[in-house]
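Everything below concerns the one structure shown next.
Every number in this text was worked out from the coordinates using simple rules, so none of it is lab data. It should be emphasised that the depicted structure is a prediction, and the values quoted were computed from it without experimental measurement. Virtual Cβ from ideal backbone geometry, glycine too; neighbours counted across all protein chains shown.
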Amino acid sequence: MSEQILSISSADIGFNDAESLIESVELSVDEGEIVGLTGRSGIGKTTLIRTCAGLIPNLSGSIRFAGESLDSKTCGDIGLIPQRLGLIQHQTVGYNVLMGALPRAKWYQSVFSLPSAEMREATRKAVEVVGLQDKILTSVNSLSGGQQRRVAIARAMVQNPRLLLADECLGELDAETVKDIINLLRNLADSGTSILIVDHNPVRAKTFCNRVMQLRGKRLVELGDDEQDTTPALPVLRRPENE
């Protein structure tokens, strides 16, 4: 039986100075499982991701990591790919990927920028896996959006987290790049990394996630195999016939 890496029970999610965004959250992510999180914009998906990362305290209930309190996690156990990716734009691909090794590095390696041979080799391999070996010395700010997402995933590979939280890392990409990124995420899951990913497209999420959860109002519910997305669609604007 797979280990339960993330477990959320009866949790309200939001900010202390405001009304909760999500109520009574029940969610679990097992080892090597990919769980999708969908729902319309502005209702708390990013806040939930940041709460799972330990960046925002939950208002009530419990959030546990591998059976222990979220506060007891070891540095590097949880990886985060934020919407804006968190890359250092003026630095190279190799430098950004190497940053993934720092959470597990010895203190003097981080303070004095002295990466070990193992860290450098892990960086080289990760860059190669995501297909950017010819860009390793290229500045990130000269890459396309899809290439930058590959850098963020390579950084996560070097970090080797037990849980990866990805916030809209498939947004605004062409179909071929999306396919490549999904394959990289699947490879991470196959190696044992648990993934909680925000995707605005529930139909797509169902194609690569083991389960898909949807935010409906203030509740988080699981989408069944035959269930349709209930997120309200934007109205279709039609050009007047006389124009």
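Across the stretch 196-203, coupling constants 3J(HN,Hα) worked out from phi with the 6.51/-1.76/1.60 Karplus curve, θ = phi - 60°, read 10, 10, 8, 9, 6, 10, x, 5 Hz, and Gly and Pro carry x. Taking volume of the Cα convex hull per residue in Å³ as calculated from this structure, the corresponding entry among [x] 344; [y] 111; [z] 174 is [z]. Between Lys125 and Thr138, the distance separating the two model label sites (each 7 Å from Cα on the Cα→Cβ line) works out to 2.4 nm. Modelled label positions at Glu19 and Arg219, each set 7 Å beyond Cα in the direction of Cβ, lie 1.7 nm from each other. Computed 3J(HN,Hα) for the stretch 86-95, one whole-Hz value per residue from the Karplus formula 6.51 cos²θ - 1.76 cosθ + 1.60 where θ = phi - 60°, is x, 8, 8, 4, 8, 9, 6, 4, x, 4, glycine and proline marked x.
Pairs over the 25 Å Cα-Cα cut-off, from the set Lys179/Lys206; Lys45/Lys206; Lys45/Lys135: Lys45/Lys135.
Neighbour counting of Cβ atoms within 10 Å sorts the residues Lys179, Lys135, fewest neighbours leading, into Lys179, Lys135. Protection proxy ranking for 119-132, 89-102, using the average of other Cβ atoms within 10 Å per residue and placing the highest first: 89-102, 119-132. Each label was represented as a point 7 Å from its Cα along the Cα-to-Cβ direction; for Arg84 and Glu26 these points are 3.7 nm apart.
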